[in-house]
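In what follows, a single structure is set out as structure tokens and then discussed.
The values are calculated or read from the model by the stated rules, or taken from the named source; none is laboratory data. Everything numeric in this text was worked out from a predicted model, so none of it was measured. Because the Cβ atoms are built from the backbone with ideal geometry, glycine has one as well, and the counts that use them run over all protein chains shown.
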Amino acid sequence: MRDSLVTELARDSVADTLEMFFYAITLSGWSEVRKPVLQWKQSKPHRAVIVYVGTDHAITDPKALELMQQDDIDIRIMDRYRGVFHPKLIWLKGKTHSLAWVCSNNLTKDGLLHNVEFAIVIKFRKPPSGLSRWASAVASGSSKLSAELFDSYKTERENFENKRAAAKATTFTWSRKREPKTKPGVAVVGKGDLIIEVMPQETRGGTQVQFPKEAVREFLGIHRVGEQKSITLQRKKTEGTRQLLVTVFGNNTVRLSIQDLEYRDRPCVIVFHKKTGDHLIFEIVPESIFPTLYRKLLALCKRQTRAGSRRWTIIR
């Protein structure tokens, strides 16, 4: 679905409106289509991108909404409807023809890249009357995302996530689930790589990862309280990088913010590889997506600060 959307947006020269209807949107999901959507929008004047997004089950990420607003996307948040807002539809609208992607994918990284999904693209000259009525009904149940609505959703979602983390809740993964007998294409670990376990309740399910002090000493070469090191952080197979300052705090902890880490990724392991001394490439391996590989990597993590704390290892 993602590849089809990217292809059609690149070749389109007549449509003027792109409407997206999604049950859930995450930052990593929006990042997968952001560039082609913005290129389409900016290639001709008066083009509009309108996104109708739900908040059910707290999956939609406030950070995604913030970035979309910065990108001048017209966000309509659903606030007047019954049941669960659950559609997954993209409608590229033009005066002479339209395209509609009807799919099971959410606008999440898992939905676009990892899950088993189904999608179909429909081409038509005149929109079916039923589709137009449905879209109008959805629009009537939405409100333009304001600062007040954003703050309300963000606050209530954070409270919910804190309760979820305190209860040690996590994404359910059946113990019998295995990957297909093909190479997963992820997490090929090598000498010197650091593997760290990330547990469901750690840092209340947020984006921070707490490093064991001994792991930081061996991997980054800092260990004394107040000692700092500037690093470049990059996710594997992506171009974007972030500059971070790693600090050993007074309570002998070191925390690193991994913006790509979503609560649904937990439990997971993160593999860090040194591209250069200060440039780290990381990869997130969630149990829910790669259960066999997750268990294999976790089995390598024999080291712990104390019983019950996160496990880790550096490949020798």
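Among the candidates Leu107, Leu112, Leu131, Leu92, single out the residue that is in contact with a Lys or Arg (Cβ under 6 Å, 6 or more places away or on another chain), of a type in the set (A, V, I, L, M) and in the same structural domain as Val53 (by TED's automatic domain parsing). Let's see the steps before the verdict.
Working: Leu107 fails: in contact with a Lys or Arg (Cβ under 6 Å, 6 or more places away or on another chain); Leu131 fails: in contact with a Lys or Arg (Cβ under 6 Å, 6 or more places away or on another chain); Leu92 fails: in contact with a Lys or Arg (Cβ under 6 Å, 6 or more places away or on another chain).
One residue alone meets the criteria, Leu112.
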Which of (1) within 23 Å of the chain's Cα centre (by Cα); (2) of a type in the set (Val, Ile, Thr); (3) surrounded by 14 or more Cβ atoms within 10 Å (Cβ to Cβ) is the odd one out, the single condition Val254 does not satisfy?
(1)
Which residues, taken from segment 106-129, are within 17 Å of the chain's Cα centre (by Cα) and among the polar types (S, T, N, Q)?
Asn106, Thr108, Asn115
Cβ-Cβ under 7 Å, sequence separation 6+ or interchain: first residue in segment 86-100 and more than 15 Å from Leu9 (Cα to Cα), partner buried (at least 20 other Cβ atoms within 10 Å of the Cβ) and among the hydroxyl-bearing types (Ser, Thr, Tyr). Which pairs?
His86/Tyr23; Pro87/Tyr23; Lys88/Tyr23
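Within segment 271-311, track down each residue that is touching a Pro at 6+ places or on another chain (Cβ under 6 Å) and over 21 Å from Gln259 (Cβ atoms). Walk me through it before giving the result.
The initial filter retains those residues of segment 271-311 that are touching a Pro at 6+ places or on another chain (Cβ under 6 Å), namely 287, 290, 293, 305.
Those that are touching a Pro at 6+ places or on another chain (Cβ under 6 Å) and over 21 Å from Gln259 (Cβ atoms): Leu293, Thr305.
Could you check segment 159-278 for strands (runs of 3 or more DSSP E) lying wholly inside it with 2 or more residues that are closer than 21 Å to Lys63 by Cβ and at pLDDT 90 or above?
Values: elements: 194-198, 208-211, 228-235, 241-247, 254-257, 268-274.
Answer list for segment 159-278: 228-235, 241-247, 268-274.
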What's the total number of residues in segment 114-136 that are part of a loop (DSSP other than H, G, I, E, B), in contact (Cβ under 8 Å) with a residue 24 or more places away in the chain and loosely packed, with under 12 Cβ neighbours inside 10 Å?
1
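Just for helices (runs of 4 or more DSSP H) wholly inside segment 1-113: which have at least 1 residues that are modelled with pLDDT under 95 and surrounded by 15 or more Cβ atoms within 10 Å (Cβ to Cβ)? Spell out the reasoning first.
Working: elements: 2-11, 27-42, 62-70.
In segment 1-113, the matching helices (runs of 4 or more DSSP H) lie at 27-42, 62-70.
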Answer yes if at least one residue in segment 30-46 is within 24 Å of Gln259 (Cβ to Cβ), under 13 Å from the mean Cα position of the chain (by Cα) and of a type in the set (A, V, I, L, M), and no otherwise.
yes
More than 17 Å from the chain's Cα centre (by Cα) and either under 21 Å from Gly240 (Cα atoms) or not assigned by TED's automatic domain parsing to the domain that holds Cys103 (or both): is that true of Leu65 in this structure?
no
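Residue by residue through segment 217-233, note down the ones that are under 26 Å from the mean Cα position of the chain (by Cα) and either surrounded by 16 or more Cβ atoms within 10 Å (Cβ to Cβ) or not assigned by TED's automatic domain parsing to the domain that holds Ile270 (or both).
Step one: of segment 217-233, the residues under 26 Å from the mean Cα position of the chain (by Cα) are 230-233.
Hits for segment 217-233 are Ile231, Leu233.
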